[in-house]
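First the structure, in the form of structure tokens, and then the observations on it.
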Amino acid sequence: ALPFERKWGSFGTGAGQFRRPFGVGAGPGGEVVVADFDNGRLQLFDGLGNFVHQWSTAGGPVSVALDSHGHAVVSNLYAGNVQVFALDGTLVDQWATGSPYGLTVDASDHVYAVNDLYGCDCGSGRGG
């Protein structure tokens with residue numbers, strides 16, 4: 001069995017607080033990004049749970065995964081899109097995909113998203 005390591009955060013709107021955190025993604029460098037749905041933002045933490053910074057994303061972030069370049073790939077339920085952010089919060093790319101709930105990124109940076117309109121959008125919205 002995998003051991004429980006730690007928990008952090010509490011209910012609220014401040015830095016390091018959450019209102020319905022739906023998704024979490026971890027990168028190889030230990031960084032952790034949380035999709036904070038009701039607060040309409042992403043929050044970045046180090047591997048020990050220390051708050052680093054946050055940025056807004058429109059449309060209800062639900063799921064988040066990190067690609068091999070250290071980008072946060074986020075599904076936004078109400079905006080009906082997937083957005084790609086650098087970890088400093090800079091928008092790198094985005095594309096429409098119905099109403100995406102969950103997503104993952106494979107080792108070749110292909111994005112797989114599931115949504116309530118089309119099922120699975122398989123491949124990459126980045127032209128792949």
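The values are calculated or read from the model by the stated rules, or taken from the named source; none is laboratory data. Computed from a prediction, not measured in an experiment: that's the story for all the values here. Cβ: placed from backbone, ideal geometry, glycine included. Neighbour counts: every protein chain shown. Please note that ligands, DNA and RNA were not included when accessible areas were found on the heavy atoms of the full protein model with its side chains. Shrake-Rupley method; radii C 1.70, N 1.55, O 1.52, S 1.80 Å.
Specify the residue with the greatest mean-square fluctuation among Gly29, Gly49, Gly16, computed from a Gaussian network of the chain linking alpha-carbon atoms under 10 Å apart.
Among Gly29, Gly49, Gly16, the largest GNM mean-square fluctuation belongs to Gly29.
Which one, Asn39, Gly70, Pro28, is farthest towards the positive end of the dipole of the chain when Lys and Arg carry +1 and Asp and Glu -1 on their Cβ?
Asn39
Taking a point 7 angstrom from the Cα of Trp55 along the C-beta vector, which residues in region 74-111 have backbone N less than 13 Å away?
74, 83-94
Using 0.36 nm per residue, how much length does the chain from Ala107 to Asp46 gain when fully extended, once their Cα-Cα distance is taken away? The partial results should precede the final answer.
On the way: separation 61, 0.36 × 61 = 21.96 nm, distance 2.20 nm.
Full extension of this stretch gives 19.8 nm more.
Just to be sure I understand: of the beta bridges DSSP finds with both ends in the chain, what percent are antiparallel, rounded to 5? Could the numbers behind the result be given before it?
Working: 38 of 40 bridges.
Here the antiparallel bridges make up roughly 95 percent for the chain.
Heavy-atom accessible area of Ser68 with all protein chains present, probe 1.4 Å, nearest 10 Å²?
Counting only protein heavy atoms, Ser68 exposes about 80 Å² to solvent.
Size of the dipole of region 1-60 about the Cα centre, Lys and Arg at +1 and Asp and Glu at -1 on the beta carbon, nothing else charged, in debye to 20? Walk me through the intermediate numbers first.
Numbers: 5 positive and 5 negative charges, 33 e Å.
For this selection, approximately 160 debye.
Rank Ala72, Ala15, Ala35 by mean-square fluctuation in a GNM of the chain with C-alpha springs under 10 angstrom and give only the top-ranked residue.
Ala15
May I ask you to give the percent of accessible area on the chain that is carbon plus sulfur, with a probe radius of 1.4 Å?
On the way: 3540 of 6530 Å².
The C+S portion of the solvent-accessible surface of the chain is 54 percent.
Is the C-alpha gyration tensor of region 55-109 telling us rounded, prolate or oblate? Criteria: a/c under 1.5 is rounded; beyond that, a/b larger than b/c is prolate, otherwise oblate.
Values: a/c = 1.95, a/b = 1.27, b/c = 1.54.
Oblate.
Taking the Cα centre as origin and putting +1 on Lys and Arg beta-carbons and -1 on Asp and Glu beta-carbons, what dipole magnitude results for the chain, to the nearest 20 debye? Numbers along the way, then the final one.
Details: 6 positive and 12 negative charges, 73 e Å.
Dipole size: approximately 340 debye.
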